[in-house]
Amino acid sequence: MTATKKDITIEQGSDFQLVVTVVGGPVSMTGYTGQMQIRPGKASTVLRYDVPGSAITVDATNRQVIVDLPAAESENFDWDSGMYDLVIVSSDGLTVHRLAEGRAIVDHSVTKVA
């Protein structure tokens with residue numbers, strides 16, 4: 001299974017959603033969880049953002065993985081860009097499938113909501 005190449009733009013201070021449809025990969029996605037991180041570059045050990053597991057939904061029935069970041073999270077992004085990937089991990093932790101990867105760009109807001 002090859003990861004989908006998809007650049008994303010996150011508008012600072014706004015809700016963000018990424019939906020990835022799984023083509024190929026595991027026959028059943030039941031029990032899988034999602035993980036997503038953003039770093040300055042692919043080989044970097046510096047972590048810009050680690051998406052909370054609670055923000056990632058694995059919809060086994062519709063074969064989709066949905067990342068939902070609320071505005072309260074993205075308003076704190078003080079970086080401009082990085083690289084991300086989104087993976088799903090089996091319940092035993094032995095199988096990992098990379099679903100999507102690409103650049104993550106922050107579109108900084110001008111208006112700061114109080």
request  = Treating only the Cβ atoms of Lys and Arg (+1) and Asp and Glu (-1) as charged, compute the dipole magnitude of region 4-107 about its Cα centre; round to the nearest 20 debye.
outcome  = 520 debye
task = Grab the other residues whose beta carbon is less than 10 angstrom from that of T21, score K and R as +1, D and E as -1, and report the net.
result = 0
key: Structure-derived Cα extents along the principal axes in Å: which label, when the choices are (1) 45, 29, 22; (2) 68, 29, 26; (3) 71, 33, 19   = (1)
query = What residue among L47, L69, L99 shows peak mean-square fluctuation when the chain is described by a Gaussian network model with Cα springs under 10 Å?
reply = L47
request  = With a point put 7 Å past each Cα toward its Cβ, work out how far R98 is from S28 in nm, to one decimal.
outcome  = 2.8 nm
query = Hey, how many Å between the Cα centroid of region 73-111 and the Cα centroid of region 26-65?
reply = 8 Å
Relative contact order [Cα under 8 Å, 6+ residues apart], the chain, whole percent = 40 percent
request  = Neighbouring Cβ atoms within 10 Å as the yardstick, rank S28, S109 fewest first.
outcome  = S28, S109
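Each reported figure results from applying straightforward, stated rules to the coordinates on display, with no laboratory input. Being a predicted model, the structure only gives us computed values, none of them experimental. For neighbour counting, all protein chains shown are included, and Cβ atoms are generated from backbone atoms with ideal geometry for every residue, glycine included.
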